[in-house]
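Peer 1: Please read through the structure below; I'll follow up with questions.
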Amino acid sequence: MIKLALRNCLRNKKRTIVTGLSVILAVFVVLLIMSFMYSCFDQLAENERKYTTGDIRIRNKKYNEFESLMPIQFYIENYSELRAELLNRSTIKSVESVLSLSSSLYRDGKLENMAIYGADIGSVYINEDTILYEGRFVENGAREVMATPIFLKQHSLSLGDSVTCLFKTASGGTNAATFKIVGVVGYLNSEMNGNLLITTSDALAPLIRINDGALELHLWLNEGVDEESELAKLKELLSDRELDVQSWSEISWIAPVLPLYDIMIIIIDALFFFIASTLVFNTMMMSTLERKKELATMIAIGFSRRYIMILLVIEGLIISFIASTISAIGSIILIDIFGVVGIDLTGFGIEAVEGWGFPNILYTHLAAWIYPAVIIAEMAISAIATILATMRVRKLEVASSLREEA
Amino acid sequence: MKKLIVLLIIAIFSLAQIWALNAEQIIDKMEDVMEFETLSFTATIKNTDKLGSTTQTFNAIQNDDGDTLLTVTSGMDKGQKILRLDDNIYIYYPDADEIIRLSGSGLSNSFLGSDFSYEDLSGDDDYDDRYNYKLAGSETYNGIDCYVIKFTAKKLSETYQRMEMLIDKNRYVPIVERLFSKSGKLLKTIYYDGYSTKPYFPTEVKTENAVKKTNKSEMKVTNIVFNKKLDSSLLDKDDFAW
């Protein structure tokens, strides 16, 4: 039966190609969308971890309690000592101080809103992964800043200009300082490409009156360290110091959503599969209608209607399997290419979700198991579509079909 | 006889009306007893809110036009200078290369994070130019009998659009000042106490924030010197930062 089915497929190449193309398109679109969505969510989660929390975040308890009031006076004291203590642990790879402040830019007698980050050199904000468009990185402790292109555009500034920024301080008052813009930078996180300046923690901390202090610490664990276990140990170690020690999954808005996005992606892809299957169904239906005379002849010479239906289903499965496999191979190649080159999402409206941590350059990937799973799913849908299309064979009138003009 | 008694009562009442002060006279008397050519003092401000309290010290000098220079002398913001000239505020921060200028609405900004605004601590107390006011009766506060004067700002640019002041009937000094928004909502209340000898100046000033009820500020003033010759460069926006 399989040989006969294969021969039937090859006999009418045009029909086979049309059917195959519909399957190729459906599988291709589904795999690309899945890749896009998984990659987007994975990068979103990675950005959250990289730029917002680290593996583990430490803050003053009262800072967390009154966070909406930006209570800078509740900072982590004796940062250097704490940092040394944490780095002594074999489980911790690095400790980074991050200061994230709302600020005002003073220009021509007016105050304009902006944000300023203070971070350690070597942290995710100031390292070799930071995109340097112009100039150079800031130096430790220097009264220098790096600006994003959006900041420069919004405030009509350029590389080399000086900017005076006002901040709230730990004393409850305000302070102002002048910085020189020494670099223009970008990040793979859309949230970090907004209206902001970046300098070092060493430069910013004294200006907001928290000498040897930090507003939050991002801890990065060594490879293979169990995050939950290390979190429990750190909580115990620091229990007497009015500090909140939290893991990424405790803080991040995306962590509770992550288990659900598999389901979400499956639902969305099922929708696309359904749409694709209607294409396959229509193609199969047309194929059956076209072959009425041929099928009537087969019934007339003794083939059972059931045999013919199974034959048609096998034909559909063969076309579906080959087409799905071709499509999957093409998808693998394209996804791998974009996994290296990336897809620049600026200009595709990524700015609309600024503040959410979406990547502005998307590097695609897809788990290997998904390809065979999609192929099998597509074959199942094709089989169902073919069975529904071949229901007509049951009602085929042999005599009138044979009488019809070819 | 009855007619005579009635006439006597009317006469006494009329005389009393003549002798009673109107709002303008009360304000004039207040300005008289508090008048100076120059003023300098040292003050400590303690600010309390639900997050805790901070204390800072500053020096102040002021001329009779209301031009004021505040210099923070201790605390985390030591070295900052705030100069008020007319309706402009100039702020010198040691870490900034330029002087920050605020005008108009900037006067309502907080001084050192306290409930005192720049307007509260500086400026011209010539109420005739800035407000319409009227006598609204009497009130006793802490055993002190006071006139109640109600003020309405003449210009929209005025920091406090409505005020109510309780003025000691004996000394003609403000005891309580209630500050309102244009819609009549109470923003804060300032209490004055510890007046020195003439010219009167309060050495204890407290605020109560009517909006953020956990916030309050207390200022204690010391080393008050009146009418000392001032270096004019201190009240010059080009020189004050040096």
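The values are calculated or read from the model by the stated rules, or taken from the named source; none is laboratory data. Keep in mind the model is a prediction, meaning the values are calculated, not measured. Note that each Cβ is placed from the backbone with ideal geometry, even for glycine, and that neighbours are counted across all protein chains shown. The protein model used for the area step is the full one, side chains on, heavy atoms only, and it has no ligands, DNA or RNA in it. Shrake-Rupley method; radii C 1.70, N 1.55, O 1.52, S 1.80 Å.
Peer 1: Does the stretch A:180-189 hold any residues that are more than 14 Å from chain B (Cβ to nearest Cβ) and open to solvent by 10 Å² or more (accessible area, probe 1.4 Å), and which are they?
Peer 2: A:VAL182, A:LEU188
Peer 1: Evaluate the stretch B:122-138: report whether one residue or more is more than 20 Å from the chain's Cα centre (by Cα), surrounded by fewer than 16 Cβ atoms within 10 Å (Cβ to Cβ) and within 11 Å of chain A (Cβ to nearest Cβ).
Peer 2: no
Peer 1: Do we have A:THR91 as over 28 Å from A:ASN195 (Cα atoms) and open to solvent by less than 40 Å² (accessible area, probe 1.4 Å) here?
Peer 2: yes
Peer 1: Of the residues A:ALA177, A:ALA214, only one is under 28 Å from B:ILE100 (Cβ atoms), within 14 Å of chain B (Cβ to nearest Cβ) and open to solvent by less than 10 Å² (accessible area, probe 1.4 Å); which?
Peer 2: After ruling out the rest, the residue left standing is A:ALA177.
Peer 1: Moving on. Using the structure shown, decide if A:ILE126 is within 15 Å of A:VAL184 (Cα to Cα), among the β-branched types (Val, Ile, Thr), in a strand (DSSP E or B) and in the same structural domain as A:ALA203 (by TED's automatic domain parsing).
Peer 2: No.
Peer 1: Related question: Inside the stretch B:133-163, can you point out the residues that are part of a strand (DSSP E or B), out of contact with any Phe, Trp or Tyr (no Cβ under 7 Å at 6 or more places or on another chain) and in contact (Cβ under 8 Å) with a residue 12 or more places away in the chain?
Peer 2: Listed by number, the residues that qualify are B:LYS134, B:ALA136, B:GLU139, B:TYR141, B:ILE144, B:ASP145, B:CYS146, B:TYR147, B:VAL148.
Peer 1: Within the stretch B:180-203, take every residue that is of a type in the set (Ser, Thr, Tyr) and touching a residue at least 12 places away in the same chain (Cβ under 8 Å) and give me the one that is farthest from B:LEU156 (Cα to Cα).
Peer 2: Among residues in the stretch B:180-203 that are of a type in the set (Ser, Thr, Tyr) and touching a residue at least 12 places away in the same chain (Cβ under 8 Å), the one farthest from B:LEU156 (Cα to Cα) is B:SER196.
Peer 1: If I go through the stretch B:69-119 residue by residue, how many of them are part of a loop (DSSP other than H, G, I, E, B), open to solvent by 30 Å² or more (accessible area, probe 1.4 Å) and free of Cβ contacts under 8 Å to residues at least 60 places away in the same chain?
Peer 2: Matching residues across the stretch B:69-119 total 9.
Peer 1: Scan the stretch B:169-179 residue by residue and report those that are open to solvent by 40 Å² or more (accessible area, probe 1.4 Å) and more than 19 Å from B:MET219 (Cα to Cα).
Peer 2: Across the stretch B:169-179, the qualifying residues are B:LYS169, B:ASN170, B:ARG171.
Peer 1: Moving to a separate point now. Taking B:ASP65 as the residue in question, decide whether it is at the interface with chain A (Cβ under 9 Å from one of its Cβ atoms) and in a loop (DSSP other than H, G, I, E, B).
Peer 2: For B:ASP65, the condition - at the interface with chain A (Cβ under 9 Å from one of its Cβ atoms) and in a loop (DSSP other than H, G, I, E, B) - is not met.
Peer 1: Looking at the stretch A:143-156, which of the residues that are within 12 Å of A:ILE181 (Cβ to Cβ) and assigned to a loop (DSSP other than H, G, I, E, B) is farthest from the chain's Cα centre (by Cα)?
Peer 2: A:ARG143
Every residue, every condition in (1) open to solvent by 10 Å² or more (accessible area, probe 1.4 Å); (2) acidic (Asp, Glu); (3) at pLDDT 95 or above, yes or no:
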| position | (1), (2), (3) |
| --- | --- |
| B:ASN142 | yes, no, no |
| B:TYR147 | yes, no, yes |
| B:LYS154 | yes, no, no |
| B:THR159 | yes, no, no |
| B:MET163 | yes, no, no |
| B:ILE167 | no, no, yes |
| B:GLY184 | yes, no, no |
| B:LEU187 | yes, no, no |
| B:TYR191 | yes, no, yes |
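Peer 1: Can you report the number of residues in the stretch A:191-237 which are out of contact with any Phe, Trp or Tyr (no Cβ under 8 Å at 6 or more places or on another chain) and among the polar types (S, T, N, Q)?
Peer 2: Looking only at that region, the number is 5.
Peer 1: Additional query: From the list A:GLU315, A:GLU250, exactly one residue is acidic (Asp, Glu) and either farther than 30 Å from A:ARG394 by Cα or in contact with a strand residue (DSSP E or B) (Cβ under 7 Å, 6 or more places away or on another chain) (or both). Which is it?
Peer 2: Going through A:GLU315, A:GLU250 in turn, the sole match is A:GLU250.
Peer 1: If you check A:ALA205, A:ALA147, which single one turns out to be of a type in the set (A, V, I, L, M, F, W, C), crowded, with 22+ Cβ neighbours inside 10 Å, within 25 Å of A:GLY54 (Cβ to Cβ) and within 14 Å of chain B (Cβ to nearest Cβ)?
Peer 2: A:ALA205
Peer 1: What about A:LYS61, is it open to solvent by 70 Å² or more (accessible area, probe 1.4 Å), farther than 30 Å from A:ALA323 by Cα and not polar (S, T, N, Q)?
Peer 2: yes
Peer 1: Within the stretch A:126-136, can you find the residues that are open to solvent by 60 Å² or more (accessible area, probe 1.4 Å) and either touching a Pro at 6+ places or on another chain (Cβ under 8 Å) or farther than 15 Å from A:ASN47 by Cα (or both)?
Peer 2: A:GLU128, A:LEU132, A:TYR133, A:GLU134, A:ARG136
Peer 1: Here is a further query. Report yes if A:LEU219 is open to solvent by 30 Å² or more (accessible area, probe 1.4 Å), within 25 Å of A:ALA45 (Cβ to Cβ) and aliphatic (A, V, I, L, M), otherwise no.
Peer 2: Criteria not met by A:LEU219.
Peer 1: Being open to solvent by 40 Å² or more (accessible area, probe 1.4 Å), within 14 Å of chain A (Cβ to nearest Cβ) and at pLDDT 80 or above, is that true of even one residue in the stretch B:54-61?
Peer 2: Taking every residue of the stretch B:54-61 in turn, at least one turns out to be open to solvent by 40 Å² or more (accessible area, probe 1.4 Å), within 14 Å of chain A (Cβ to nearest Cβ) and at pLDDT 80 or above.
Peer 1: Taking the stretch A:54-97 as the search range and keeping residues that are among the hydroxyl-bearing types (Ser, Thr, Tyr) and within 14 Å of another protein chain (Cβ to nearest Cβ), which one is farthest from A:ALA205 (Cα to Cα)?
Peer 2: Out of the qualifying residues, it is A:SER68.
Peer 1: Ok, one more. For the stretch A:104-141, which positions are more than 14 Å from chain B (Cβ to nearest Cβ) and of a type in the set (A, V, I, L, M)?
Peer 2: A:MET114, A:ALA115, A:ALA119, A:ILE121, A:VAL124, A:ILE126, A:ILE131, A:LEU132, A:VAL138
Peer 1: Within the set of pairs 6+ apart or on separate chains, which have a first residue in the stretch A:1-26 that is more than 24 Å from A:SER331 (Cβ to Cβ), a second that is acidic (Asp, Glu) and open to solvent by 80 Å² or more (accessible area, probe 1.4 Å), and C-beta atoms under 9 Å apart?
Peer 2: That search, which allows pairs on different chains as well, returns A:ASN12/A:GLU290; A:ARG15/A:GLU290.
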